[in-house]
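So the structure is just underneath, and the comments pick up after that.
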Amino acid sequence: MRRSAGRALLVLALVAQAAAFGDGGDAQVLLQASVTADDDTPLWYPFAPSAEGEGDVTLDAPRHAPSAASSCLEVVPMLGTMKSDSKLKSVLDSLNYLQGEARLEGDVVEAGVAEGGGVLPVLFYLACLGRLEGRTLHLFDTWQGLPPPEASEDRVFGKGMYLRTFEAFMANARKYETAYKQKVATKSFADGAPLRTWNEVWSHVHIVKGLFADTMPGALSRSRVAFLMCDGDMYGSTMDCLKAGAPRMLPGGSVYVDDYYTFYPCYAATRDFLSESRASGTSYGEVRVVSHEGPYNLYNEASQCTPPLEGERLRFDHGTCSGWQCEACLFNVTRG
């Protein structure tokens, strides 16, 4: 997928920063996002028509997107993330299916928020569609980088890796607020009833700071979840997310695991969780793997897929499907 030179440099910078170890200092919890964006870093709109002469290749609409959602898709921004375009497309595709064909009205959960580049587009999109009523987005993170490795599979990671502060998350949220005011709150849409103020949008966000194992079970004890996103990288964090979030899910809901074919520990935790779930009587649908390179696709893992390799060092040679590198995965809850 081609990008503008500026966005490519931003992605490279984020990848370089991700290799650094942070000290995990505490961040002050802010309850509201302010009005003004803090810098001039531009948002990118992956589903918007390309401006003449820019040379960017934008994404087609997710396959489950109803025609009424096209206006909202065009204004969904992307910033503050190392996630690929394909990951965002797969997430929005799942959301469209859940609120359309599946008609699920449950909550959305992300464990592993960092700067919010994965979940803020989700919040923006649902608000634009007017589909936040009765729904909460639960966001879990320490904002101190990865925790100390405990599982043997996590020996390739180090404490504090991938540090993104809470202040960085809130700064990114302010940019999404500015974009929402410019592109949604002041516009008229032929279909749907978008939320008109960012304060109203933000009232649907529930932020919980701490380790997944310590915070998710209690915070989700009364929730019914339609969409669970696990982005913990490690075996331990991925397993904690799945064990805490999956039991709260509605039948037909979807689980998204961000680094399933990127990091072996994440892959191993997901496979172990699915095996344990089958043994206890909970059923999940087939695992679909999200493409990383080549044309956007969701591959059935049971066909022509090779998972990431285990190693003594952190590897970035993704698993593959049909010869193409892949990364995230999705699977549905079929029976609880």
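The values are calculated or read from the model by the stated rules, or taken from the named source; none is laboratory data. Keep in mind that this is a model prediction, so the values were computed, not measured. Every residue, glycine as well, gets a Cβ built from its backbone with ideal geometry; the counts of neighbours run over all protein chains shown.
Values for this structure:
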{"read-out": "Filtered residue count, the stretch 168-205, keeping only those that are under 25 Å from residue 223 (Cβ atoms), buried (at least 19 other Cβ atoms within 10 Å of the Cβ) and small (Gly, Ala, Ser)", "value": "1"}
{"read-out": "Residue 163 under 17 Å from the mean Cα position of the chain (by Cα) and of a type in the set (A, V, I, L, M, F, W, C)", "value": "yes"}
{"read-out": "Qualifying residues in the stretch 303-336 (those that are at pLDDT 90 or above and assigned to a loop (DSSP other than H, G, I, E, B)) - the one surrounded by the fewest Cβ atoms within 10 Å (Cβ to Cβ)", "value": "323"}
{"read-out": "Selection from the stretch 206-218 of residues that are out of contact with any Ser or Thr (no Cβ under 7 Å at 6 or more places or on another chain) and surrounded by 17 or more Cβ atoms within 10 Å (Cβ to Cβ)", "value": "207, 215, 216"}
{"read-out": "Test: residue in the stretch 158-179 that is closer than 20 Å to residue 46 by Cβ, in contact with a Ser or Thr (Cβ under 9 Å, 6 or more places away or on another chain) and among the aliphatic types (A, V, I, L, M)", "value": "no"}
{"read-out": "Members of the stretch 253-304 that are within 18 Å of residue 322 (Cβ to Cβ), without any contact (Cβ under 8 Å) to a residue 60 or more places away in the chain, among the β-branched types (Val, Ile, Thr) and touching a helix residue (DSSP H, G or I) at 6+ places or on another chain (Cβ under 9 Å)", "value": "287"}
{"read-out": "Considering residues of the stretch 77-110 that are basic (Lys, Arg) and farther than 26 Å from residue 213 by Cα only, the residue modelled with the lowest pLDDT", "value": "103"}
{"read-out": "Residue list for the stretch 271-302, filter: modelled with pLDDT of 90 or more, among the small types (Gly, Ala, Ser) and closer than 21 Å to residue 248 by Cα", "value": "275, 277, 285"}
{"read-out": "Contacts under 6 angstrom Cβ, first residue in the stretch 98-127 being in contact (Cβ under 8 Å) with a residue 24 or more places away in the chain and closer than 16 Å to residue 256 by Cα, partner polar (S, T, N, Q) and in a helix (DSSP H, G or I), 6 or more apart", "value": "116/172"}
{"read-out": "Looking only at the stretch 87-122, and only at residues there that are among the polar types (S, T, N, Q) and buried (at least 24 other Cβ atoms within 10 Å of the Cβ), the one that is nearest to the chain's Cα centre (by Cα)", "value": "90"}
{"read-out": "Test: residue in the stretch 145-158 that is within 18 Å of the chain's Cα centre (by Cα) and surrounded by 21 or more Cβ atoms within 10 Å (Cβ to Cβ)", "value": "yes"}
